Amino acid sequence: MNPSGDIAAQQAHLVIVSFLLMCLIVVPVIVLTLWFAFRYRKSNTSAKYDPDWDHSTKLELVIWGVPLLLIIVLGLITWISTHLLDPYRPLQRLDEKRPLPADVRPLEVQVVALDWKWLFIYPEQGIATVNELATPIDRPIKFRMTASTVMNAFYIPAMAGMIYTMPAMETQLNAVMNKVGTYDGFSSNYSGSGFTHMRFKYHAMNNADFDAYVAKVKAEGGALQRADYLQLAKPSEKDPVRRWASVDGTLYNAILNMCVEPGKPCMAQQMHEDANRNAKHAAHQEARRRGANEVARLARADAEICTAPADKTTLSMKSNNASVSN
């Protein structure tokens, strides 16, 4: 409840509004319960005693009408907020008073939850860090997240709500930070014995300081290649901050598709081939149903495909689970 980013501020506002609406029911119920207990106590002989009373239309309208109205209001607020705060939804503003300038592009940060540390890859800057995140303020950030082995949850309370990270799947978070400072980030989903120390510091800084930070990381040298990642991905605890001046541009997609190891096929490639095989099988089934002529036509089409020169060397495919480009 101490937001420093616009998404967290909107989420905090939603929590406060929901709490106040809830109090419209809870507070009168508690007060009336205490009042009735006191007024109709055994020793108060002046209170009206009416054992035959059993119904009041006005009271029924209040008892059922007020909660119904609150449920409708809460439902509308929740429906609207759910769409406005969809983590996949690109930002439309920097904060409640500033719309997003047309010439501002989101900063992409690729996040990998490892056992038990966080890897951050900055494709635009070409750098990578472990257990340290830095971004400029008042610039939208698009987090693309995955995990190496088990499910985790990426959470910076001052910026936005938590988002789960899962192996072989990608989740996203669009957020923005509005205040300079150093904030805590951690995994909010238990992921094993080293979960407790799966924390990092998030530095929100102005543009000049962020440029200086990137220059400092580049000056420190080092390159994060696939072989280095395989060593980094081994389980470890309390890892210190690490930085690399350059990073393999295909590493994140390889992690996402679980094919970092040399010679291991990528999931997206396998799913693409499986889809083609299933489509081909369905086409043959349909051809057999239509008759011999259709089977012969399909066989000729297959033969032409098999003998055609392989002039297409680039494959690009995306799915809900994983994506790859070779």
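The values are calculated or read from the model by the stated rules, or taken from the named source; none is laboratory data. No experiment lies behind these values; they were computed from the predicted model shown. Glycine gets a Cβ as well: all are built from the backbone with ideal geometry, and neighbour counts include every protein chain shown. Keep in mind that these areas ignore ligands, DNA and RNA; they rest on the heavy atoms of the full protein, side chains included. Shrake-Rupley method; radii C 1.70, N 1.55, O 1.52, S 1.80 Å.
Give the residue, chosen from 128, 168, that is hydrophobic (A, V, I, L, M, F, W, C), more than 12 Å from the chain's Cα centre (by Cα) and surrounded by 20 or more Cβ atoms within 10 Å (Cβ to Cβ). Write out each step before concluding.
Values: 168 fails: surrounded by 20 or more Cβ atoms within 10 Å (Cβ to Cβ).
The match here is 128.
Considering each of 240, 235 in turn, give the residue that is closer than 29 Å to residue 264 by Cβ, in a loop (DSSP other than H, G, I, E, B), open to solvent by 80 Å² or more (accessible area, probe 1.4 Å) and not small (Gly, Ala, Ser). Reasoning before the result, please.
On the way: 240 fails: closer than 29 Å to residue 264 by Cβ.
Going through 240, 235 in turn, just one is closer than 29 Å to residue 264 by Cβ, in a loop (DSSP other than H, G, I, E, B), open to solvent by 80 Å² or more (accessible area, probe 1.4 Å) and not small (Gly, Ala, Ser): 235.
Among (1) in a helix (DSSP H, G or I); (2) surrounded by 14 or more Cβ atoms within 10 Å (Cβ to Cβ); (3) not β-branched (Val, Ile, Thr), there is one condition residue 59 misses while meeting the rest; what is its number?
Only one criterion is unmet by residue 59, namely (2).
Using the structure shown, decide if residue 105 is within 26 Å of residue 220 (Cα to Cα), outside any strand (DSSP E or B) and not hydrophobic (A, V, I, L, M, F, W, C). Can you show your working first?
Values: within 26 Å of residue 220 (Cα to Cα): no; outside any strand (DSSP E or B): yes; not hydrophobic (A, V, I, L, M, F, W, C): yes.
Against the criterion (within 26 Å of residue 220 (Cα to Cα), outside any strand (DSSP E or B) and not hydrophobic (A, V, I, L, M, F, W, C)), residue 105 does not qualify.
Between 52, 86, which is in a loop (DSSP other than H, G, I, E, B) and either at pLDDT below 90 or exposed (fewer than 10 other Cβ atoms within 10 Å of the Cβ) (or both)?
On the way: 86 fails: either at pLDDT below 90 or exposed (fewer than 10 other Cβ atoms within 10 Å of the Cβ) (or both).
Unique residue meeting the criteria: 52.
Any idea which of 4, 81 is surrounded by 10 or more Cβ atoms within 10 Å (Cβ to Cβ), in contact with a Phe, Trp or Tyr (Cβ under 9 Å, 6 or more places away or on another chain), of a type outside the set (D, E, K, R) and within 27 Å of residue 179 (Cα to Cα)? Talk me through it step by step, then tell me what you get.
Details: 81 fails: in contact with a Phe, Trp or Tyr (Cβ under 9 Å, 6 or more places away or on another chain).
The unique qualifying residue is 4.
Take the residues of the stretch 145-165 that are under 18 Å from residue 3 (Cβ atoms) and touching a Gly at 6+ places or on another chain (Cβ under 7 Å): which is most open to solvent (accessible area, probe 1.4 Å)?
155
Quickly run through the stretch 189-207 and pick out the residues that are outside any strand (DSSP E or B), touching a Pro at 6+ places or on another chain (Cβ under 9 Å) and either surrounded by 14 or more Cβ atoms within 10 Å (Cβ to Cβ) or hydrophobic (A, V, I, L, M, F, W, C) (or both). First the steps, then the outcome.
Narrowing the stretch 189-207 to residues outside any strand (DSSP E or B): 189-198, 206-207.
Still in the running and touching a Pro at 6+ places or on another chain (Cβ under 9 Å): 192-194, 206-207.
Result: 192, 194.
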